[in-house]
1. Could you say which residue among A:Leu98, A:Leu75 is touching a Cys at 6+ places or on another chain (Cβ under 9 Å), of a type outside the set (Phe, Trp, Tyr) and assigned by TED's automatic domain parsing to the domain that holds A:His54?
2. I'm checking my understanding of the structure. Among residues of the range A:284-304 that are within 11 Å of A:Gln317 (Cα to Cα), of a type outside the set (S, T, N, Q) and assigned to a helix (DSSP H, G or I), which one is farthest from the other protein chains (Cβ to nearest Cβ)?
3. Would you point out which residue out of A:Thr60, A:Thr45, A:Thr81 is in contact with a helix residue (DSSP H, G or I) (Cβ under 7 Å, 6 or more places away or on another chain) and within 16 Å of A:Gly276 (Cβ to Cβ)?
4. Do any residues in the range A:213-238 that are over 21 Å from A:Ile156 (Cβ atoms) have Cβ atoms under 7 Å from those of residues that are among the acidic types (Asp, Glu), where the two are at least six apart or on different chains, and which pairs are they?
5. Collect the residues in the range B:483-512 that are more than 10 Å from chain A (Cβ to nearest Cβ) and modelled with pLDDT of 95 or more, keeping them in residue-number order.
6. Only one residue in B:Phe181, B:Phe213 is closer than 30 Å to B:Phe62 by Cβ and either within 14 Å of chain A (Cβ to nearest Cβ) or surrounded by fewer than 18 Cβ atoms within 10 Å (Cβ to Cβ) (or both). Which one?
7. Kindly indicate whether A:Ser324 is in contact with a strand residue (DSSP E or B) (Cβ under 9 Å, 6 or more places away or on another chain) and either buried (at least 17 other Cβ atoms within 10 Å of the Cβ) or aliphatic (A, V, I, L, M) (or both).
8. Which members of the range A:84-115 meet the condition of being out of contact with any helix residue (DSSP H, G or I) (no Cβ under 8 Å at 6 or more places or on another chain) and among the small types (Gly, Ala, Ser)?
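The values are calculated or read from the model by the stated rules, or taken from the named source; none is laboratory data. As the structure is a computational prediction, the values presented were derived from the model and not from experiment. Cβ placement follows ideal geometry from the backbone for every residue including glycine, while neighbour counts extend to all protein chains displayed.
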Amino acid sequence: MVSQAPIIIIGNGIAGITTARHIRKRSDIPILIISKESRYFFSRTALMYVYMGHLKWEHTQPYENHFWKKNRLDLCQETVTNIDPQAKTVKLSNGSILSYTSLVLATGSLPNKFGWPGENLKGVQGLYSKQDLENLEALSSSIKEAVVVGGGLIGIELAEMLHARGKKVTFLVREDSFWNTVIPESDSKMINRHIISHGIDLRLSTNLSEIIEDENGRAKAIRTDKNEIIPCQFVGLTVGVRPNIDFIKHTSIATNKGILVNKYLETSQTDIYAVGDCAEQQEPLPGRRPIEAVWYTGRMMGETLAKTLTGKKTAYQPGHWFNSAKFFDIEYQTYGLVAARPTKAEIHFHWENAEKNIGITIAFNKSTNEFLGINSFGIRLRHEIFDQFLTEKRSVFHVLEHLNDCNFDPEFFTSLGVEIVTKFNHEFNTNIRLKKKSWTRIFNNLITIK
Amino acid sequence: MKTLQKFGLGIFLTGLTLFCSLIFLGKYQLTHQEFDALIDEKGIKSDLFIANINSKVTDKVFLGPFEFSKRVITALEEANKVHRKKKEWNKVIWDKPHSFSYEVSKKAGKGMIPNNKGWFWFLTFGLGIIGSLLYIIPNLITLGPPGIKNNNIYFDSSTNRGFMGWSVFIFLVSFYVLLYFFPDYIVNWTYIVDPISQSISGNLASQWFLYGFLYCVVMTVMAIRMYIKYRNNKYQILRTTSVLFFQIVFAFLIPEILVRFEKPWYDFKNAFPLDYDFFFSWNLNSLISSGGFGLFILVWGIVLTLVIVPVMVYFFGKRWYCSWVCGCGGLAETLGDPYRHLSNKSIGAWKLERWLVHGVLAFAIVMTGFTLYTYFSGTSAILGIKTQSIQSTYGFLIGSVFAGVIGTGFYPIFGNRVWCRFGCPLAAYLGLVQRFKSRFRITTNGGQCISCGNCSTYCEMGIDVRAYAQKGQNIVRSSCVGCGVCSAVCPRGVLKLENGPVANRTHLPNFPLGNTLD
């Protein structure tokens, strides 16, 4: 009797590993996780801290090395080159062929490149993988000036990383304000100012035209679309990511930009599933994008799929949108949906304290006053309470009244509720009174799971 | 700015070098009059010892403390040997040899150093303080705007167990070995703080006064560093101010002032069993013989441990003590802050921690039980074990070696809370209360954790904070001292130290986060 073929998971990022851990919590099915990038799971979001000297590599690994064996999660550090959905096998680059009972594709993303001249030169790279970090570290001592292209979350992180290691950083952003395709204008302007205050040369409305090569095949400068030449020994290309599915495209698994999945995360082929950055929802939920390449959705998909694979077929229901980031010293949290450019039905209320680099934007419905979402900069907010506000479709007035319950800043931080509510009352001619923080309210409606 | 910092470092190192070199310098000459006074003071009855010192030590000039100390100790040991053999118990000198030698040396020091205490204070302490401030204060500019300042920590040899780290380790360990076991070699250090001691308590400085004063100076300077590093975080600033206040006022000034008014030396915030000799017979006798005030201390000490400590832990967690009041915690949170990430986070270390710290607590309780039994029954041994020898074993192993040499000396290698985590019996006691009956927890903010590992890395107690945070679970751990740094370094606003209803302490959110394991 041949032993049972395992569930094979391709990719050991957050989506793949969450799937594996949750399957193991619910069942004893053999699991094999294949990844070439690194033997052990690490937190991709922590790569920047290794380069900045906050952490060592081992700190990015959430589980000790003995964890995998103890939980019977087999690891294989190889590249998958082909998948045969009929035979239910995967082929590895070393030639071996492995059978699976179910296959989970969690292959993540690849940094975008747009065919710029010189984009494959030495000293030009993105920042996504462990290898990207190692390449950057190897070059680091020879970098004095760096250019980062692309005004997104990885771009600003790379700018911060290089700046922390004493490099002179020029930051090219296509838009006329940082990340203003995602956050409203006033939020975006605040971040612009903060980037500049750190000594970054921020170039808005500026595109890359070409990367110029030196005699050794390494980048020595870039030319912008304004025909300006900026000398640099490193070019960071951080113009978004795309699903890492090149080796899947020539299989019978249906793909578009990503691997197409239904709400059960099933691909077009039986017993093959996709989770995380590489999955593209055929029918995205209202207000949500088909591909959401963020940590949290990868984790939620993993948890959902694990239920399906252990006999409890479960649809992917990520709940209300939330996300977070950090722009140099400014922490960002968002709950619900705040449009970058609000439609007529959506009203934005913005408050900020420019000196302290803190601010919020609250979106609500013009006619019903329903609270739609909040962007918060430099103020920490309680996730669960906002989730509850959104579920209960509370009004913006209710949210403002309870701002003190929502605050998640460390103890003794100055409460800004009064300032915020006063401004709102003034702008919208309301008479909202801020309530005192109440433990009863904070925990009252939250069901405790043990 | 960088030049100014280098200049500051130079001044600091000059002061430090001079301070160290004082060990080897100085003139020691014990006059006949001084020796006679000492014989009276100590009630020495050993004619052998007196004759030996008179022939080999008195009126002779010694350069450096070593030969002087050697002769005194040899005389003492030879005399004791003979007296013991002859069972002349009243002639035996019971003092620890190096402590005895310290008392002789303190009288014998002559010449430049005792004659220029102020100048030598300036050249050692003074230069050290000025230099380190010149090094620290420019950080306001060089570290950039307020925020988390952990850049390059793992590239720096002093904070990544490199050459500098090991050098600091050797220095600190040597310092503690000298302080605890060879005080007679550091008599010169005590001379330079004599004027300060005299102005507070009226007495000449002992090595313990020196240590207390140095402790306050180091904490003050490093607290300034904390104020700059964490200037974006009010919790850290208030906490630093609090530990500094309790060290300077409660651990240093009040006890010395009590001595001036002929009351027993007592640190009102130092709770048993950290204050392990509180119930030792010499302390009880001294308190009882000090009248009403002594009795007040006796009652206070008992109430502090049995009532105040657990009640405060119920409301605020053990942090109210460990990272807001305690002296050991105070040094760890100021001098030790640059080393906080070096604590071991493995499950193995956690297991060791639980055995060791509760073991020390059990040791302290058993020892105190023996002590009190002996005290009230008048016998000196139980089951053939001498209380005296249990006490000295504890004092040596736990009080000196663990708390001092390892606890602080190992900062640059094992992080800044080795003692608090593995050895402190009070922390173990507070931890039990915190774990089972307290409103304190570190709340995890829903699903916002990205598993980056900053919280676990910078946890000085070696708690794998991330393991909880990434599951959306609140953190309730007996060892947590509530320093708040996990919350400070979290890039996504996931962690908050708070005191709330006990019922919801280990609350888990009920919506899908991808991190709730059922």
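1. None of the others qualify; the one that does is A:Leu98.
2. A:Met301
3. Step by step, each of A:Thr60, A:Thr45, A:Thr81 is checked, and only A:Thr45 is in contact with a helix residue (DSSP H, G or I) (Cβ under 7 Å, 6 or more places away or on another chain) and within 16 Å of A:Gly276 (Cβ to Cβ).
4. A:Lys220/A:Glu213; A:Lys220/A:Asp214; A:Arg223/A:Glu210; A:Pro231/A:Glu145
5. Selection gives B:Cys483, B:Val485, B:Cys486.
6. Of the residues listed, the single one that is closer than 30 Å to B:Phe62 by Cβ and either within 14 Å of chain A (Cβ to nearest Cβ) or surrounded by fewer than 18 Cβ atoms within 10 Å (Cβ to Cβ) (or both) is B:Phe181.
7. So A:Ser324 fits the description; yes.
8. Within the range A:84-115, A:Ala87, A:Ser93, A:Gly95, A:Ser96, A:Ser99, A:Gly115 qualify.
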